[in-house]
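Student: For reference, the structure I am asking about is given below.
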Amino acid sequence: MKVYDIYSKRQKILMGKVPDVYQYENIPIPLRVQIVHIMSDALGEQENQETLDMYKLIHDILCREYGKLSLVPKISLDLINHIDDVKDFILQNEDINQVIDVVELSFRLIDRFYREMNVINSTEPEITPDEAIEELNIRFREHGVGYQYESGEIIRVDSQIIHADVVKPVLQLLSDTRFQGANEEFLKAHEHYRHGRYKECLVECLKAFESTIKTICDSQGWIYQPGDTAKKLIDICFQNNLIPAYLQTQFTSLRANLESGIPTLRNKNGGHGQGSQPLIVPQHFAAYQLHMTASTILFLLELEKALP
């Protein structure tokens, strides 16, 4: 990983000239350039056919999704250079969501294709997929841009402490194939959140919460009905001592917190007909829901690991 503790960086830290809050509306040019450097190191030398094919794949996927013939305007399609076009798209595009699109797609391919297909042996990149992902996330943090690459997606980060101590461990635990459904729903919640679809975020949070409990029940052989609500699923957890008796006694409000947390937030704000007046779910409310969901899922998964 090519991150260096240079003098000017240390001076900025000493003088307090580093971002202490995240922003989401701008990706600075230096960060874009650093992303291009990371991609170049991770995808290999430009003259390698695998590298050319990879950039062409990135280019063609995005063009199809955007309904374009070229990412960057061209006088003639014969002039398309896929490597230059992808890099120019990152450097010049003013639409931050589209920049995030190309970064997410590129690092997903680096993360999965290069790792699984062993292309690394023929392209001889300068850094491994893990090093590329680690540097990308470091660069995001250095510039105070509130995004991180986790589990194949770019997700929005609102608190680095919560992200590091709660969200990231949850994603790691949900990567277990048993929790594929819950993992997909939790990542969808982040995707909705990143695009400002806050009602949809609440819905996916509840789905992830319920899917986690159902998977635990499946693993432990506990009986439930497919249509059981969150309240019934929580009751099953208590009945089967997923939450130890001493915790049930000590935290008398634990059941109430679980029952009135995620399900109620979703039901009141995202789960039913909204009537004549559209429901407006504020961003901070959706962020609270995401963090509550992550904390609760982490709590349940750790309890399952401790079962005899």
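Student: Taking the beta-carbon count within 10 Å as an exposure proxy, list 47, 210, 104 from fewest neighbours to most. Present the calculation step by step, with values, prior to reporting the outcome.
Tutor: On the way: 47 7, 210 22, 104 18.
Ascending number of Cβ neighbours within 10 Å: 47, 104, 210.
Student: Counting only C-alpha contacts under 8 Å and six or more residues apart, can you give the relative contact order of segment 23-157 as a whole percent?
Tutor: Values: 139 pairs, mean separation 45.7, N = 135.
RCO, segment 23-157: 34 percent.
Student: Continuing with this model, one more query. Could you please rank 179, 209, placing first whichever residue has the fewest other Cβ atoms within 10 Å of its Cβ?
Tutor: Numbers: 179 23, 209 28.
Listed from fewest to most nearby Cβ atoms, that is 179, 209.
Student: Sticking with this one: Based only on other Cβ atoms within 10 Å, what is the fewest-to-most ordering of 297, 100? Show your work: numbers first, answer last.
Tutor: Working: 297 27, 100 18.
By the 10 Å Cβ count, ascending: 100, 297.
Student: Another one. What spacing in nm lies between the two simple spin-label points modelled at residue 70 and residue 108, each 7 Å away from Cα in the Cβ direction?
Tutor: So the label points at residue 70 and residue 108 sit 2.6 nm apart.
Student: Still on this model: Work out how much length residue 175 to residue 95 would gain on full extension: take 0.36 nm times their residue separation and subtract the Cα-Cα distance, in nm to one decimal.
Tutor: Working: separation 80, 0.36 × 80 = 28.80 nm, distance 3.09 nm.
Between residue 175 and residue 95, full extension yields an extra 25.7 nm.
Coordinate-derived values only; no laboratory data. Everything numeric in this text was worked out from a predicted model, so none of it was measured. Virtual Cβ from ideal backbone geometry, glycine too; neighbours counted across all protein chains shown.
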